[in-house]
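Colleague: Quick one: structure below, then a few questions.
The values are calculated or read from the model by the stated rules, or taken from the named source; none is laboratory data. Only a predicted model underlies this, so the values are computations on that prediction, with no experimental measurement involved. Reconstructed Cβ throughout: ideal geometry from the backbone, glycine too, with neighbour counts over all protein chains shown.
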Amino acid sequence: MKNFPIKQIFLVAGILFVAVGLYLDHLAKEFIKNSLRAKGEVIELKARPGDSWSKAPVVKFNTENDREIVFQSNNYSRPPAFEVGEKVGVLYTPDDPKASARVDTFFSTRGVPMILYILGVFFIILGVIFMFVFRK
């Protein structure tokens with residue numbers, strides 16, 4: 001166990017987190033660039049299955065050709081980030097508005113890449129610290 005390469009594992013994990021974050025951030029930017037915007041309204045707050053505390057908004061909006069779409073966000077929060085009746089921005093792609101619809105917030109579009117960046121940088125810093133502390 002003495003030769004276990006912990007510093008290399010932290011460095012590689014950090015680099016992978018940053019790389020995946022960059023890729024997901026690129027996908028998010030492409031989605032935002034190719035999306036249409038609409039105004040929606042929160043019509044309900046749904047509890048996460050098995051957790052009555054965390055809630056996600058159910059949003060209703062009209063597409064550019066006046067088709068009404070209702071979707072549930074994948075972003076649950078406690079306390080709820082929105083209230084019933086609150087007006088929200090919506091991003092969607094015209095080819096599949098229901099499946100692609102997202103509430104237009106930073107976290108729903110860019111949150112996961114940002115978390116991966118932070119974890120990646122943290123792991124890289126730990127790897128560098130371990131390289132200097134456990135030098136032979």
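Colleague: Among the candidates D51, D95, D66, D25, single out the residue that is acidic (D, E) and in contact with a helix residue (DSSP H, G or I) (Cβ under 9 Å, 6 or more places away or on another chain).
Modeller: Numbers: D51 fails: in contact with a helix residue (DSSP H, G or I) (Cβ under 9 Å, 6 or more places away or on another chain); D95 fails: in contact with a helix residue (DSSP H, G or I) (Cβ under 9 Å, 6 or more places away or on another chain); D66 fails: in contact with a helix residue (DSSP H, G or I) (Cβ under 9 Å, 6 or more places away or on another chain).
When all the criteria are applied, what remains is D25.
Colleague: While we're here: Hey, can you tell me all the residues within the stretch 81-108 that are at pLDDT below 90 and among the hydroxyl-bearing types (S, T, Y)? Lay out the reasoning, then the answer.
Modeller: The initial filter retains those residues of the stretch 81-108 that are at pLDDT below 90, namely 107-108.
The one that is at pLDDT below 90 and among the hydroxyl-bearing types (S, T, Y): S108.
Colleague: Kindly evaluate K46 against the criterion of being in a strand (DSSP E or B) and not polar (S, T, N, Q). Even if it seems obvious, please write down each step before you answer.
Modeller: On the way: in a strand (DSSP E or B): yes; not polar (S, T, N, Q): yes.
Judged against the criteria, K46 is a match.
Colleague: Can you pull out every residue in the stretch 59-80 that is closer than 17 Å to E44 by Cα, modelled with pLDDT under 95 and either among the acidic types (D, E) or in contact with a Leu (Cβ under 8 Å, 6 or more places away or on another chain) (or both)?
Modeller: Listed by number, the list holds a single entry, P80.
Colleague: Separate question: Please identify the pairs in which a residue from the stretch 79-97 that is in contact (Cβ under 8 Å) with a residue 40 or more places away in the chain and under 13 Å from A56 (Cβ atoms) has its Cβ atom under 8 Å from the Cβ atom of a residue that is in a loop (DSSP other than H, G, I, E, B) and of a type in the set (F, W, Y), counting only partners at least 6 apart or on another chain.
Modeller: V88/F82
Colleague: Applying the selection to the stretch 80-102, what residues are in contact with a Lys or Arg (Cβ under 8 Å, 6 or more places away or on another chain) and surrounded by fewer than 17 Cβ atoms within 10 Å (Cβ to Cβ)? Please lay out each step first, then the result.
Modeller: Looking only at the stretch 80-102, we keep the residues that are in contact with a Lys or Arg (Cβ under 8 Å, 6 or more places away or on another chain), and these are 80, 87-92, 97.
Of everything in the stretch 80-102, those that are in contact with a Lys or Arg (Cβ under 8 Å, 6 or more places away or on another chain) and surrounded by fewer than 17 Cβ atoms within 10 Å (Cβ to Cβ) turn out to be K87, G89.
Colleague: Give the residues of the stretch 88-111 that are of a type in the set (A, V, I, L, M) and either within 16 Å of A13 (Cα to Cα) or not in a helix (DSSP H, G or I) (or both), sorted by residue number.
Modeller: Applying the first criterion (of a type in the set (A, V, I, L, M)) to the stretch 88-111 yields 88, 90-91, 99, 101, 103.
Across the stretch 88-111, the qualifying residues are V88, V90, L91, A101, V103.
Colleague: Residues L24, L116, L36, L11: which one is in contact (Cβ under 8 Å) with a residue 24 or more places away in the chain, among the aliphatic types (A, V, I, L, M) and surrounded by fewer than 17 Cβ atoms within 10 Å (Cβ to Cβ)?
Modeller: On the way: L24 fails: surrounded by fewer than 17 Cβ atoms within 10 Å (Cβ to Cβ); L116 fails: surrounded by fewer than 17 Cβ atoms within 10 Å (Cβ to Cβ); L11 fails: surrounded by fewer than 17 Cβ atoms within 10 Å (Cβ to Cβ).
The unique qualifying residue is L36.
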